[in-house]
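First comes the structure, then the notes that go with it.
Bear in mind that the values in this text are calculations on the coordinates, not laboratory data. These figures come from a predicted structure and were not determined experimentally. Glycine also receives a Cβ, built like all others from the backbone with ideal geometry; neighbour counts cover every protein chain displayed.
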Amino acid sequence: MSKNQLDDGTQAQVAVVRSPFSAAALTIEQMSILKTQIAPGITDGDLMYCLEIAKQAQLNPIIKEIYFVPRKQNIAEYGQPDQWVTKHDPMIGRRGARTIARRKGMTVPPTTGYTIKLFPYLDPEGEWQEKRDLVGWAELEIEGKKVRKEAAYSVYKQTTKKGEVTQFWKGMPTVMVEKVAEFQLLDAVYGLDGLMSVDAGFLDGENASLPIQSLKKDKAKVIDALSSLGIEYTINGDTITVQKAYAHSAVLKSTGFNHHDGVWKITVTESDMLDAEILPKPIEETPIAPKPTKPEKTSKKTSPKSDLMKLLLGNGITTEEAGRFVEKTFGDLSDLKKVEDIISPDNRETLMNQIKAFLNPTLPPKEEKPTQTALFEGIPPLDEDDEKNPFGE
């Protein structure tokens, strides 16, 4: 409680809530408005915490530069019964990310798009596979060099507690993968002050919904998977802990890790841990016999058309789209010499750009900008009475 001077000169006591981080304070009325308009259900402590983060990041929650998002967390000690509480975390969307990036030097926002391509994933058996996936991308040109980030739908799609895809990710998947790719790019180039994206990941505690499991049989594969992804981990007793792996949350969850208090954990039996501590590589005691493969036929030479089809399929164009792409881009390909020219190494970059333009029709192909001299070719010299050339003599 504190005394505040009113405009009419009278004295009255006004209840305030003071920030534990600074001298700032909010009246009960101000707190009520913020809770109603910005973060319904937020506690006083969480509101003050989120407002302090917003202040440090110079973002305004009122104009949606930053959001205070409710997330369920299990605060029970390890081994104790679950104790779920709702906490609010500060997160940013595209507007907030661009605001921070502009303050740090960004002048032009990233170019974004999406495509369909083969993307790696870890199957339930711990083996790496590839499947077709929707992939968003974002690019910036920094000091004459292109910087690019990609975001796969299967990795970043947002789900509910029941595992269902959320409304925006279901209705606008291409927009969402582009937004996540842009967030990853801006964070890599400019740094987004440690804030998380509101557009990706899990809601309402889904990242903490799985019980801690024993992976006695799959322990070696888990260690190998972490190593192959470059994820750092620590082993303490019967627990493997992973920190700072937000980008790999989907893989960790599918592997059986449990998210608690900002870290990922999984347990194995004490007897297995003796092996886990010395297993940076897969177990080799029981090697798997390789599957019999048919001998390669080296005598048969592939046709140029077959090579062209392989290039198209490997860069996101489906079998159904291949015919339309060829007809639209090259016309008649009955002449094999023409096909050989198209797939030759000298023309490979041109082909890749044509594929990119076909998959992203909203992005016009880059054209060489005419020089200043070329702009005025064919124009007669100015007479003395004409306006002076603004570009100089």
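Its residues counted as N, the range 16-88 yields a C-alpha radius of gyration over 2.2 N^0.38 Å of 1.24.
Give the calculated FRET efficiency between E327 and V147 to the nearest 0.05, with a Förster radius of 45 Å applied to their Cβ-Cβ distance.
Once rounded, the FRET efficiency stands at 0.85.
Potential lengthening of the chain between N353 and R103 amounts to 86.7 nm, from the contour at 0.36 nm per residue minus the alpha-carbon distance. Taking label points 7 Å from Cα along the Cα-to-Cβ direction, Q56 and R132 give a separation of 4.6 nm. Using a simple spin-label model with pseudo-atoms 7 Å out from Cα toward Cβ, V175 and I75 lie 3.6 nm apart.
On a 27 Å Cα-Cα criterion, which of the cross-link pairs K131/K337; K179/K265; K64/K157; K104/K131 come out too long? Correct reply: K131/K337; K179/K265; K104/K131. Relative to its residue count, the range 93-203 spans a Cα convex hull of 121 Å³ per residue.
Which FRET efficiency value, to the nearest 0.05, is calculated for V16 and V165 with the Förster distance at 35 angstrom and r the Cβ-Cβ distance?
0.20
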